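Working notes, beginning with the structure itself.
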Amino acid sequence: MIRIPVFAIAAVLLLGAAASHADVADCDRLTSHPEDPDRAVPGVDTKDVDLPRAIAACEAAAASLTKESPAYARIQYQLGRAYFYDQQTAKAVPALERSAEAGYRQTQFVLGYIIDAELQGVVADPCRVEDLWVRSARAGRLAAEVSYPNNVMLGRFKGCKIQANDAEMGAFLEAAGKHKGLDFYQRLLVSVLKVNLGRYLSDKAQQ
């Protein structure tokens, strides 16, 4: 029986961990989205993403992480983001699905948007969008907090199980208005949606 020294095993494990951290750092640096509230580093605008380098870095990072890793959901999102910008939709969507399933609120909104807008030939599925956006809104993602009640009011989720009740939709808009750093137009949007929700609920009560 061949005995492998303990120090050799430890060295291999340490080298693997170092490689993992480097891959994750590179993926974050090259692919983080500026509007992702849970990004680890400052984001990179879409036009500035170096796609070949970003894809390579995020593929390596994703391969080094398990589902239990704190960085797993974020890296899957960034991998999906890079694939999507590179028009590799068949690879992008599964990565985004993995991230959304892991509870990443940015991905839940973005994947819902892709499905809602039928981007790159993705098939529309309003009920899937409803599920993604309500979970994202509950997790505090601003874009979902305003988009979810707006789509309910517009009847975009008609025929779906509406998971948020009237009070929770109001709470989403209240929470949206309390985010720090909102600009004039964002504050105006929240105000308009609050008025619209009030009218919607009034009309609903009279039906």
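Scanning the range 94-109 for residues that are more than 20 Å from residue 50 (Cα to Cα) and assigned to a helix (DSSP H, G or I) returns 94, 97, 98, 99, 100, 101, 105, 106, 107, 108, 109.
When the range 42-67 is filtered for residues that are open to solvent by less than 70 Å² (accessible area, probe 1.4 Å) and of a type in the set (A, V, I, L, M), the ones remaining, listed by number, are 44, 49, 51, 54, 55, 56, 57, 60, 61, 62, 65.
Of the residues 129, 134, 123, 152, the single one that is in contact with an Asp or Glu (Cβ under 6 Å, 6 or more places away or on another chain) and β-branched (Val, Ile, Thr) is 129. Exactly one residue out of 130, 118 is surrounded by fewer than 18 Cβ atoms within 10 Å (Cβ to Cβ) and of a type in the set (Asp, Glu), and it is 118. Among the residues of the range 139-159, some residue qualifies, meaning at least one is open to solvent by less than 50 Å² (accessible area, probe 1.4 Å) and among the hydroxyl-bearing types (Ser, Thr, Tyr). Suppose we filter the range 85-115 for residues that are closer than 15 Å to residue 139 by Cα and open to solvent by 40 Å² or more (accessible area, probe 1.4 Å); how many remain? The number of residues fulfilling the criteria is 4. Hey, does the range 140-149 have a residue that's outside any helix (DSSP H, G or I) and closer than 25 Å to residue 56 by Cα? Taking every residue of the range 140-149 in turn, none turns out to be outside any helix (DSSP H, G or I) and closer than 25 Å to residue 56 by Cα. Each residue in the range 67-91 was checked for being assigned to a helix (DSSP H, G or I) and either on the phi > 0 side of the Ramachandran plot or among the small types (Gly, Ala, Ser) (or both), and 4 pass. List pairs: first residue in the range 175-200 and within 15 Å of residue 145 (Cα to Cα) and open to solvent by less than 80 Å² (accessible area, probe 1.4 Å), second residue part of a helix (DSSP H, G or I) and among the charged types (D, E, K, R) anywhere in the structure, Cβ distance under 6 angstrom, at least six positions apart or on different chains. Pairs that qualify, where the first residue is within 15 Å of residue 145 (Cα to Cα) and open to solvent by less than 80 Å² (accessible area, probe 1.4 Å) and the partner is part of a helix (DSSP H, G or I) and among the charged types (D, E, K, R), are 175/145; 176/145.
Scanning the range 1-59 for residues that are in a helix (DSSP H, G or I), of a type in the set (S, T, N, Q) and at pLDDT 95 or above returns a single hit, 31.
The values are calculated or read from the model by the stated rules, or taken from the named source; none is laboratory data. The shown structure was predicted, so the numbers you read here are calculated from the model rather than taken from an experiment. Counting neighbours? That spans all protein chains shown, and the Cβs are built from the backbone with ideal geometry, glycine included. Accessible surface is based on the protein model in full, side chains and every heavy atom, while ligands, DNA and RNA are left aside. Shrake-Rupley method; radii C 1.70, N 1.55, O 1.52, S 1.80 Å.
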